[in-house]
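Some notes on the structure that comes next.
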Amino acid sequence: MNKMRINSERLLDNLNKLKTFTDTPGEGVTRFSYSAKDAEARAYIIDRAEKAGASIHIDALQNIRMGLKTNRPGHKTLVAGSHIDTVRNGGWLDGIYGVCSALEVLETLSENDFSGEYNFEAVVFAEEEGSNFGSTMTGSKFIAGIYNEENLDKLTRDDGLSLRQVLCSLTDSRVYSIPGPGGINAEDIESLPWDFSQIKAMVELHIEQGPILDKSGERLGIIDSIFGMRVIEVVMEGVGNHAGATPMSQRQDALSAAAEAILKAEEIVRSDEDRRTVVTVGKMEIAPNCSNVIPEKVCFSLEVRDKDEAKINRFMDRIIAAIRDIAKARKVSCSCREHSHSLPLHLDDRLAQGMKNAAEKSGIPFRYMDSGAVHDACMIAYKVPTGMIFVPSINGRSHVPEEDTKPEDLVAGAEFLFEIVCRELG
Ligand code: GLV
Ligand code: MN
Ligand code: MN
């Protein structure tokens, strides 16, 4: 029987404090990786971990590993963590809840001078949301060796800066690993992928971000599979012209073509028999974006998600063919460029079984479920046994300022994470 207990007040205090590190006060949390608010959040977390005696390691991508003070060399490590970056005007719990809970586990183990068969690390993964570079799970993709040096230059922000340039522009050496005068060198890059022979497993605690647990009344979700996704970038180019003087019969309107293409993509995906596949256009730029000019050029993202890779590809291929047909019929040019993707993943059955046993023992209502959202756990799951736990999201809202979870559910989830970590540490 585990006598140690997490400090639920401290957990909620930390979450409430971190909520204030936002670029959009009063309008949700906006904390992009590598921003000043990201640095403030990092300083807060690192300070807490250092006070708990943890070792801190920050890699060139700015992923942070915080090792329990009693960790011993040569022992494999159990990892828990998530991300602290957000979408624009996002919620206060996505990612940060998993980080604060992992930190709480670290602090509790530390104050109890815990030492088990395995080591423990709390991890902050950088740039999970893809808010800067449009690619989700960037930090963990480097950790898993899925991204390499090429991606430092290929990934670019809307302002044109590459990931490498952004990393080289960081200055706060307390919270970032600052590259030397020659920039990010071969050694920095070589040390990005973890030595997974030294990692025992990973567990990520997260809010559900959907309506299932809130509706069912169950308090925990044990994750079976995580959806994969494929993201493309579509550019449609027509002819800009005067909005009043150009007859409808003579228009080559890029935005009308895009609108038709988006509705067609929805129609295609809605034909899905099990209604599981989802398609989203979440980002669009219109040029010149003037009310009295026929839009000349439109760029938009389009992503398809499902837990069956073949289905993702089938739907995406049909959508791309439909976009091309629509462009042709409307006499606009179009290009569909692959942007990024991640594969659907089944998480570790042994960890899920252990979670089931623990939930049954403590009488917490739970269910097995899939995750439509992607998580850093996906990347780590390629390499080592990985598990995920969800707590309910009120009204199923997430990636919006309304994102919320009852405090008792936040505490119950963190207590459950602690229980699982202790079981795994031996
Ligand atoms: C991350 O939140 C994602 O699923 O896009
Ligand atoms: Mn998240
Ligand atoms: Mn998210």
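Within the range 1-40, restricting attention to residues that are open to solvent by less than 30 Å² (accessible area, probe 1.4 Å), out of contact with any strand residue (DSSP E or B) (no Cβ under 9 Å at 6 or more places or on another chain) and not in a loop (DSSP other than H, G, I, E, B), the residue that is nearest to residue 132 (Cα to Cα) is 38. Checking each residue in the range 339-373 for being at pLDDT 95 or above, within 16 Å of ligand 3 (Cβ to nearest atom) and open to solvent by less than 10 Å² (accessible area, probe 1.4 Å) picks out only 371.
The single condition from (1) touching a helix residue (DSSP H, G or I) at 6+ places or on another chain (Cβ under 6 Å); (2) open to solvent by 60 Å² or more (accessible area, probe 1.4 Å); (3) within 12 Å of ligand 2 (Cβ to nearest atom) that residue 399 fails is (1). Hey, among the residues in the range 75-108 that are more than 15 Å from ligand 1 (Cβ to nearest atom) and in a loop (DSSP other than H, G, I, E, B), which one's nearest to residue 380 (Cα to Cα)? Filtering the range 75-108 for residues that are more than 15 Å from ligand 1 (Cβ to nearest atom) and in a loop (DSSP other than H, G, I, E, B), the one nearest to residue 380 (Cα to Cα) comes out as 76. Within the range 74-87, can one find any residue that is surrounded by fewer than 20 Cβ atoms within 10 Å (Cβ to Cβ), touching a residue at least 40 places away in the same chain (Cβ under 8 Å) and more than 16 Å from ligand 2 (Cβ to nearest atom)? Yes. Among the residues here, residue 418 qualifies as within 28 Å of residue 92 (Cβ to Cβ), open to solvent by less than 20 Å² (accessible area, probe 1.4 Å) and outside any strand (DSSP E or B). Of the candidates 68, 109, 61, the single residue that is in contact (Cβ under 8 Å) with a residue 24 or more places away in the chain, closer than 26 Å to residue 220 by Cα and more than 16 Å from ligand 2 (Cβ to nearest atom) is 109. Residue count for the range 117-132 satisfying the condition of being over 17 Å from residue 90 (Cα atoms) and either open to solvent by 10 Å² or more (accessible area, probe 1.4 Å) or within 13 Å of ligand 1 (Cβ to nearest atom) (or both): 5. Please verify whether the range 162-185 includes one or more residues that are over 27 Å from residue 37 (Cβ atoms), open to solvent by 70 Å² or more (accessible area, probe 1.4 Å) and outside any loop (DSSP other than H, G, I, E, B). No: zero hits. Per the listing 203, 231, 235, the residue uniquely part of a strand (DSSP E or B) and surrounded by fewer than 20 Cβ atoms within 10 Å (Cβ to Cβ) is 235.
In the range 379-426, which residues are on the phi > 0 side of the Ramachandran plot and among the small types (Gly, Ala, Ser)? Hits for the range 379-426 are 396, 426. Against the conditions (1) crowded, with 17+ Cβ neighbours inside 10 Å; (2) part of a helix (DSSP H, G or I); (3) of a type outside the set (Ser, Thr, Tyr); (4) out of contact with any Pro (no Cβ under 6 Å at 6 or more places or on another chain), residue 409 satisfies every one except (4).
Which one is farthest from the chain's Cα centre (by Cα), of the residues in the range 364-406 that are in a helix (DSSP H, G or I) and either among the aromatic types (Phe, Trp, Tyr) or closer than 14 Å to residue 343 by Cβ (or both)? Out of the qualifying residues, it is 381. Count, please, the residues in the range 233-272 that happen to be within 17 Å of residue 303 (Cα to Cα) and among the polar types (S, T, N, Q). So the answer is 1. Summed over the range 91-111, residues that are touching a helix residue (DSSP H, G or I) at 6+ places or on another chain (Cβ under 9 Å), under 19 Å from residue 406 (Cα atoms) and either open to solvent by 10 Å² or more (accessible area, probe 1.4 Å) or not aliphatic (A, V, I, L, M) (or both) total 7. Among the residues of the range 264-318, those that are part of a loop (DSSP other than H, G, I, E, B) and either under 21 Å from residue 228 (Cβ atoms) or within 24 Å of the chain's Cα centre (by Cα) (or both) comprise 271, 272, 273, 274, 275, 276, 277, 281, 282, 283, 307, 308. Going by the conditions given, is residue 158 modelled with pLDDT of 95 or more and among the charged types (D, E, K, R)? Spelling it out, it is not the case that residue 158 is modelled with pLDDT of 95 or more and among the charged types (D, E, K, R).
Evaluation of residue 135 against the conditions (1) at pLDDT 95 or above; (2) within 22 Å of residue 225 (Cα to Cα); (3) within 16 Å of ligand 3 (Cβ to nearest atom) shows that the sole unmet condition is (1).
The values are calculated or read from the model by the stated rules, or taken from the named source; none is laboratory data. This one's a predicted model, so the numbers in the text were calculated from it and none came from an experiment. Cβ: placed from backbone, ideal geometry, glycine included. Neighbour counts: every protein chain shown. Surface areas here come from the heavy atoms of the whole protein model, side chains and all, with no ligands, DNA or RNA. Shrake-Rupley method; radii C 1.70, N 1.55, O 1.52, S 1.80 Å.
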